[in-house]
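Asker: Have a look at the structure that comes next, please.
The values are calculated or read from the model by the stated rules, or taken from the named source; none is laboratory data. As the structure is a computational prediction, the values presented were derived from the model and not from experiment. Here the Cβ positions follow ideal geometry from the backbone for every residue, glycine too, while neighbour counts run over all protein chains shown.
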């Protein structure tokens with residue numbers, strides 16, 4: 001006797017975390033799931049992001065966790081909250097443990113697999129998906145719909161392919177790291193169906209600074225450790241974060257800059273530039289710094305004096321020279337003030353393709369839940385939707401959560417259709 005064939009066929013387009021989680025949710029709900037991806041294998045960005053240690057989620061108190069997300073040019077991410085409530089950090093860890101992968105919480109509350117690697121987790125996940133009956137079609141680039149109907153079209157090594165599905169989950173990513181598949185090529189396809197899409201913009205990105213050739217040649221690649229950055233947002237509120245970042249040949253990048261990138265990007269869009277202020281010695285009070293700068297230095301050079309009294313050397317010393325004129329550098333009062341509050345002008349975000357993630361995407365008012373209002377039966381998940389979050393496990397958690405939500409929404413939609421039939 002032949003086994004029964006599921007009557008609900010769903011095409012999941014995009015094999016990143018959101019798409020794979022949607023596929024798992026659908027398969028558990030009894031759907032016949034086909035995953036299509038333009039690349040030769042799934043999870044390319046997931047694997048690359050895990051090379052330095054797979055930060056899977058974050059263990060800070062949940063009330064704080066949900067405040068890390070924003071949508072639509074910095075608005076509070078209220079639309080994401082139900083998804084995160086249903087599949088948040090604790091659920092992510094439980095799901096990973098269910099794959100036979102242990103996790104631990106690092107000193108910064110970031111959560112990692114015990115071996116810090118992404119590949120074993122992905123292998124275990126794909127094995128389970130295949131056991132659940134999920135089928136994978138690689139090197140299939142989605143090209144839209146046939147005659148704006150319900151038939152999906154793909155380019156494949158064998159030529160054009162047409163696929164009929166009862167429902168579709170789109171999880172094609174944003175626009176960063178295009179070489180790994182997230183190239184934003186889906187935007188005109190959805191716009192042609194009348195779907196509102198906010199322009200993609202770099203998130204968790206670096207910024208250009210007009211360094212002098214001398215400073216760039218001498219200090220590019222050097223980390224700025226134990227510094228604090230203060231930035232003033234469009235609403236006038238000041239944000240201050242402590243950590244580290246890296247000076248590049250043409251600007252700045254790194255975790256401390258990424259954490260402020262959304263506000264900085266919006267300020268540059270509004271004003272043409274943004275100014276941050278660096279505290280080069282955040283563990284010392286302004287009074288302590290002023291006393292040490294003013295301490296008699298005898299025959300020593302000012303550079304030697306700053307190194308001896310305050311430990312300022314290397315790139316920190318170079319920044320003071322770069323950002324201050326000669327008069328300010330020679331004035332003990334102004335120099336001490338600059339050490340605690342050094343202005344640095346950012347000209348523009350680095351290109352989208354260099355960013356860790358992207359902002360923008362399908363607008364929330366174009367969605368009914370996660371289903372496209374202009375295309376019933378088509379659901380979206382992951383970075384395709386207009387939300388953003390900092391690094392630290394927040395991005396991945398929301399991709400997982402939205403994948404679960406999109407898969408469940410497709411199952412619920414089919415159930416309602418059957419009830420009406």
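Asker: Just one of the numbered conditions (1) closer than 21 Å to residue 142 by Cβ; (2) in contact (Cβ under 8 Å) with a residue 40 or more places away in the chain; (3) within 20 Å of the chain's Cα centre (by Cα) is not true of residue 268; which one?
Answerer: With respect to (1) closer than 21 Å to residue 142 by Cβ; (2) in contact (Cβ under 8 Å) with a residue 40 or more places away in the chain; (3) within 20 Å of the chain's Cα centre (by Cα), residue 268 is out only on (1).
Asker: Among the residues of the stretch 169-180, write down those that are in contact with a helix residue (DSSP H, G or I) (Cβ under 7 Å, 6 or more places away or on another chain) and surrounded by fewer than 21 Cβ atoms within 10 Å (Cβ to Cβ).
Answerer: Scanning the stretch 169-180 gives 178, 180.
Asker: Still on this structure, please answer the following. Filter the stretch 100-119 down to residues that are part of a loop (DSSP other than H, G, I, E, B), in contact with a helix residue (DSSP H, G or I) (Cβ under 8 Å, 6 or more places away or on another chain) and crowded, with 16+ Cβ neighbours inside 10 Å and give me whichever is modelled with the highest pLDDT.
Answerer: 101
Asker: When you scan the stretch 276-294, do you find a residue that is under 22 Å from residue 221 (Cα atoms) and free of Cβ contacts under 8 Å to residues at least 40 places away in the same chain, even just one?
Answerer: no
Asker: Among the residues of the stretch 250-266, write down those that are part of a loop (DSSP other than H, G, I, E, B) and under 23 Å from residue 49 (Cα atoms).
Answerer: If the condition is that a residue be part of a loop (DSSP other than H, G, I, E, B) and under 23 Å from residue 49 (Cα atoms), then 254, 260 are the ones that fit.
Asker: Of the residues 242, 267, only one is within 15 Å of residue 342 (Cα to Cα) and at pLDDT below 95; which?
Answerer: Just one listed residue meets the conditions, 242.
Asker: Residue by residue through the stretch 146-159, note down the ones that are under 20 Å from residue 181 (Cβ atoms) and outside any loop (DSSP other than H, G, I, E, B).
Answerer: 152, 153, 154, 155, 156
Asker: Find the residue count for the stretch 124-145, including only residues that are assigned to a helix (DSSP H, G or I) and surrounded by 13 or more Cβ atoms within 10 Å (Cβ to Cβ).
Answerer: Total satisfying the criteria: 5.
Asker: Sticking with this structure for a sec: Name the residues in the stretch 241-274 that are over 23 Å from residue 313 (Cα atoms) and either surrounded by fewer than 16 Cβ atoms within 10 Å (Cβ to Cβ) or touching a helix residue (DSSP H, G or I) at 6+ places or on another chain (Cβ under 9 Å) (or both), would you?
Answerer: Scanning the stretch 241-274 gives 264, 269, 270, 271, 272, 273, 274.
Asker: Can I ask one more? Quick one: which helices (runs of 4 or more DSSP H) lie wholly within the stretch 300-386 and hold at least 1 residues that are within 32 Å of the chain's Cα centre (by Cα) and either at pLDDT below 95 or over 25 Å from residue 26 (Cβ atoms) (or both)?
Answerer: By residue number, 314-323, 332-340.
Asker: Just to be sure I understand, how many residues within the stretch 278-299 are farther than 29 Å from residue 239 by Cα and touching a helix residue (DSSP H, G or I) at 6+ places or on another chain (Cβ under 7 Å)?
Answerer: 3
Asker: Among the residues of the stretch 363-393, which ones are crowded, with 23+ Cβ neighbours inside 10 Å and at negative phi?
Answerer: Residues satisfying the conditions are 370, 378, 379, 380, 381, 383, 384, 385, 386, 387, 388, 389.
Asker: Can you name the condition, by its number, that residue 214 falls short on among (1) more than 22 Å from residue 329 (Cβ to Cβ); (2) assigned to a helix (DSSP H, G or I); (3) free of Cβ contacts under 8 Å to residues at least 24 places away in the same chain?
Answerer: Among (1) more than 22 Å from residue 329 (Cβ to Cβ); (2) assigned to a helix (DSSP H, G or I); (3) free of Cβ contacts under 8 Å to residues at least 24 places away in the same chain, the lone unmet condition for residue 214 is (1).
Asker: Of these, 163, 195, 169, which one is in a strand (DSSP E or B), in the same structural domain as residue 411 (by TED's automatic domain parsing), modelled with pLDDT of 95 or more and under 27 Å from the mean Cα position of the chain (by Cα)?
Answerer: 169
Asker: State whether one or more residues within the stretch 67-79 are in a helix (DSSP H, G or I), at pLDDT below 95 and surrounded by 14 or more Cβ atoms within 10 Å (Cβ to Cβ).
Answerer: Within the stretch 67-79, one or more residues are in a helix (DSSP H, G or I), at pLDDT below 95 and surrounded by 14 or more Cβ atoms within 10 Å (Cβ to Cβ).
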